[in-house]
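Okay, structure first, notes after.
The values are calculated or read from the model by the stated rules, or taken from the named source; none is laboratory data. Given the structure is predicted, the values throughout are model-derived calculations rather than measurements. Using ideal geometry, Cβ is built from the backbone for each residue, glycine included, and neighbour counts are taken over all protein chains shown.
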Amino acid sequence: KAGVTQTPRYLIKTRGQQVTLSCSPISGHRSVSWYQQTPGQGLQFLFEYFSETQRNKGNFPGRFSGRQFSNSRSEMNVSTLELGDSALYLCASSLVASGGAIDTQYFGPGTRLTVL
Amino acid sequence: AQSVTQLDSHVSVSEGTPVLLRCNYSSSYSPSLFWYVQHPNKGLQLLLKYTSAATLVKGINGFEAEFKKSETSFHLTKPSAHMSDAAEYFCVVSANNQGGKLIFGQGTELSVKP
C-alpha cells in the first residue's frame with residue numbers, strides 16, 4: 001500500500017502571501033490530522049478531519065484552515081503568511097473504528113514551508 | 001489534560017551499548033502512548049504503541065517500552081545500539097479517546113558513537 005503523500009515537498013513564499021498544502025492519505029484511511037513542526041515549539045497539532053468535518057482543533061489562529069474532500073484527501077491553507085509560519089507541516093492518516101476512535105496515525109514526509 | 005515529558009533532550013551512546021530514552025506522561029484516563037522516530041529530513045515513523053494490553057510493548061528494530069502506571073512512565077529501551085539508530089525520538093500521548101489529536105514530547109536526540 002502506498003503511504004501518506006504530501007505535495008509539494010518544498011515551498012518558498014513571502015510574507016503576506018497565502019499557501020495551500022495537500023495530503024493524500026493511505027487508501028482506506030478516513031481521518032487526516034495536520035501538525036506543525038518548528039525548532040522552537042516542536043510538534044504541535046493543528047486540526048483533524050474525519051468525514052469532511054473538522055473533529056479536533058489545536059490552538060492556532062484563524063489564518064490556518066483546512067478541509068477534507070469526499071475521497072479523504074485533505075488540504076490546509078495558511079493565509080497572510082508570517083515569518084513564524086516557516087516550518088515543516090506534517091500530515092498523518094488513520095483508520096477509523098466503528099465508534100469513531102482511531103488507532104495509529106501514519107505520517108507523510110512533510111512539506112517544508114519557508115516564508116521570506 | 002494529557003501531556004508527556006521527555007527527560008533528556010540529548011542522549012549519546014556507543015554502538016553496541018544499551019539505549020534508554022525516558023518519558024513520563026500525565027493523563028486523566030487510561031492513555032494511548034506511542035514512540036515515534038524521525039530521521040533527518042524525514043517524516044515520523046511509528047516505533048511502537050501502548051493501548052492498555054500488555055505493559056511491555058515490543059516495536060520495530062529491536063526497541064521496546066514498558067508502561068508503568070505507578071511511575072507514570074513509558075521509557076524506550078534497546079539492548080544494543082546501532083549506528084542507524086541515530087535520530088530524534090518522540091514520546092507521544094493521545095489527547096482524547098478519539099485518538100485524532102496527538103501530543104508530542106519535545107524529543108530526544110540520540111547520537112551513536114562508533
Report yes if some residue within the range A:13-30 is free of Cβ contacts under 8 Å to residues at least 40 places away in the same chain, surrounded by 16 or more Cβ atoms within 10 Å (Cβ to Cβ), within 14 Å of the chain's Cα centre (by Cα) and within 13 Å of chain B (Cβ to nearest Cβ); otherwise report no. no
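Please note which strands (runs of 3 or more DSSP E) are completely contained in the range A:36-116 and include at least 3 residues that are more than 17 Å from B:LYS101 (Cβ to Cβ) and more than 11 Å from chain B (Cβ to nearest Cβ). Spell out how you get there, then give the answer.
On the way: elements: A:42-50, A:53-57, A:64-68, A:74-78, A:87-94, A:111-115.
The qualifying strands (runs of 3 or more DSSP E) are A:74-78, A:111-115.
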Selection from the range B:60-100 of residues without any contact (Cβ under 8 Å) to a residue 60 or more places away in the chain, within 14 Å of another protein chain (Cβ to nearest Cβ) and surrounded by 21 or more Cβ atoms within 10 Å (Cβ to Cβ) yields B:GLY100
Hits in the range A:21-35 - residues which are outside any strand (DSSP E or B) and either in contact with a Ser or Thr (Cβ under 6 Å, 6 or more places away or on another chain) or of a type in the set (Val, Ile, Thr) (or both): A:PRO25, A:ILE26, A:HIS29, A:ARG30
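Among the listed residues B:LEU44, B:LEU48, B:LEU110, identify the single one that is free of Cβ contacts under 8 Å to residues at least 60 places away in the same chain and farther than 24 Å from A:PHE60 by Cα.
Values: B:LEU44 fails: farther than 24 Å from A:PHE60 by Cα; B:LEU110 fails: free of Cβ contacts under 8 Å to residues at least 60 places away in the same chain.
Answer to the selection: B:LEU48.
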In the set A:GLN41, A:GLN105, A:GLN68, the lone residue that is in contact with a Phe, Trp or Tyr (Cβ under 6 Å, 6 or more places away or on another chain) and not aromatic (Phe, Trp, Tyr) is A:GLN68
Of residues in the range B:101-114 being more than 7 Å from chain A (Cβ to nearest Cβ) and assigned to a loop (DSSP other than H, G, I, E, B), the one farthest from the chain's Cα centre (by Cα): B:PRO114
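Would you call A:LEU43 out of contact with any Asp or Glu (no Cβ under 6 Å at 6 or more places or on another chain), in contact (Cβ under 8 Å) with a residue 24 or more places away in the chain and either acidic (Asp, Glu) or within 18 Å of B:ASN41 (Cα to Cα) (or both)? Lay out the reasoning, then the answer.
Details: out of contact with any Asp or Glu (no Cβ under 6 Å at 6 or more places or on another chain): yes; in contact (Cβ under 8 Å) with a residue 24 or more places away in the chain: yes; either acidic (Asp, Glu) or within 18 Å of B:ASN41 (Cα to Cα) (or both): yes.
Yes.
Is it the case, given these coordinates, that B:THR17 is β-branched (Val, Ile, Thr), in a loop (DSSP other than H, G, I, E, B) and out of contact with any His (no Cβ under 8 Å at 6 or more places or on another chain)? Explain how you work it out, then say what you get.
Numbers: β-branched (Val, Ile, Thr): yes; in a loop (DSSP other than H, G, I, E, B): yes; out of contact with any His (no Cβ under 8 Å at 6 or more places or on another chain): yes.
Considered against the rule, which asks whether it is β-branched (Val, Ile, Thr), in a loop (DSSP other than H, G, I, E, B) and out of contact with any His (no Cβ under 8 Å at 6 or more places or on another chain), B:THR17 comes out as yes.
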Matching residues, the range B:75-95, being touching a Lys or Arg at 6+ places or on another chain (Cβ under 8 Å), over 17 Å from B:PRO18 (Cβ atoms) and part of a strand (DSSP E or B): B:SER94
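Report the residue count in the range B:24-57 for those that are out of contact with any Lys or Arg (no Cβ under 9 Å at 6 or more places or on another chain), away from every other protein chain (no Cβ under 14 Å) and either surrounded by 13 or more Cβ atoms within 10 Å (Cβ to Cβ) or polar (S, T, N, Q) (or both).
Let us first name the residues in the range B:24-57 that are out of contact with any Lys or Arg (no Cβ under 9 Å at 6 or more places or on another chain), namely B:24-29, B:31, B:36-40, B:42-47, B:49-54, B:56.
Checking which are away from every other protein chain (no Cβ under 14 Å) leaves us with B:24-28, B:54, B:56.
Checking which are either surrounded by 13 or more Cβ atoms within 10 Å (Cβ to Cβ) or polar (S, T, N, Q) (or both) leaves us with B:24-28.
Total satisfying the criteria: 5.
From the list B:LYS78, B:LYS68, which residue is at pLDDT 95 or above and over 27 Å from A:THR38 (Cβ atoms)? I'd like the intermediate steps shown before the answer.
Working: B:LYS68 fails: at pLDDT 95 or above.
So the residue among B:LYS78, B:LYS68 that is at pLDDT 95 or above and over 27 Å from A:THR38 (Cβ atoms) is B:LYS78.
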